[in-house]
1. Could you please report the charge total around residue 27, scoring K, R as +1 and D, E as -1 over all other residues with beta-carbon less than 13 angstrom from its beta-carbon?
2. Calculate how steeply helix 73-87 sits against the longest principal axis of the alpha-carbon atoms of the chain, using the helix alpha-carbon long axis, and give the answer as 0 to 90 degrees to the nearest 10.
3. If you line up the long axis of helix 5-34 against the longest principal axis of the chain, both from Cα atoms, how many degrees apart are they, to the nearest 10?
4. Go through 49, 81, 6 and say which Cα lies farthest out towards the positive end of the charge dipole of segment 1-92; charges sit on Cβ, +1 for Lys and Arg, -1 for Asp and Glu.
5. Among residues other than residue 76 whose Cβ falls under 15 Å from its Cβ, what is the net charge (Lys/Arg +1, Asp/Glu -1)?
6. Starting from 0.36 nm per residue, how many nanometres of slack lie between residue 34 and residue 74 once their C-alpha separation is accounted for?
7. In degrees, nearest 10, range 0 to 90: what is the angle between the Cα axis of helix 39-48 and the longest Cα principal axis of the chain?
8. When Rg/Rh (Cα atoms, Kirkwood Rh) is calculated directly from the model, which label among [x] 1.05; [y] 1.11; [z] 0.99 fits?
Amino acid sequence: MSFIPFIGFLAQIVLLYYGIYWCALEYLDYPLSEAGTPMRQIRTRLREQRFLTLGFGAGQLLLSLTPVFNLMSVPAGVVAATRLCQQNPLNSTASS
């Protein structure tokens, strides 16, 4: 599909958004599932705070694509996701 002029451009944007969202979901799943939050509720809360989720996912994806920094991207991503969940009400059960 990338060879078709306009559809190829849209496909790249959609795949970038998909990669950012799943990178954020993957790393935010670690602390939220440890807190006992079910996956359906995790996805709902990530959709509610879309810009925070996409910002975190974009930073993590950029870090993991950089050649030397990707060696520390997994531990840094888990630590950042844990700090994000502590400072933000992503894992609070009072709002549901």
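1. Computed value for this residue: -2.
2. 50 degrees
3. 20 degrees
4. Of 49, 81, 6, it is 49.
5. Residues close to residue 76 contribute a combined charge of 0.
6. Result for the pair: 12.7 nm of gain on full extension.
7. Its long axis makes an angle of about 70 degrees.
8. [x]
The values are calculated or read from the model by the stated rules, or taken from the named source; none is laboratory data. Bear in mind the structure is a predicted one, so any value in this text is a computation, not a measurement. Cβ sites come from the backbone with ideal geometry, for glycine too, and all protein chains shown count toward neighbours. For accessibility, only protein heavy atoms count, side chains too; no ligands or nucleic acids. Shrake-Rupley method; radii C 1.70, N 1.55, O 1.52, S 1.80 Å.
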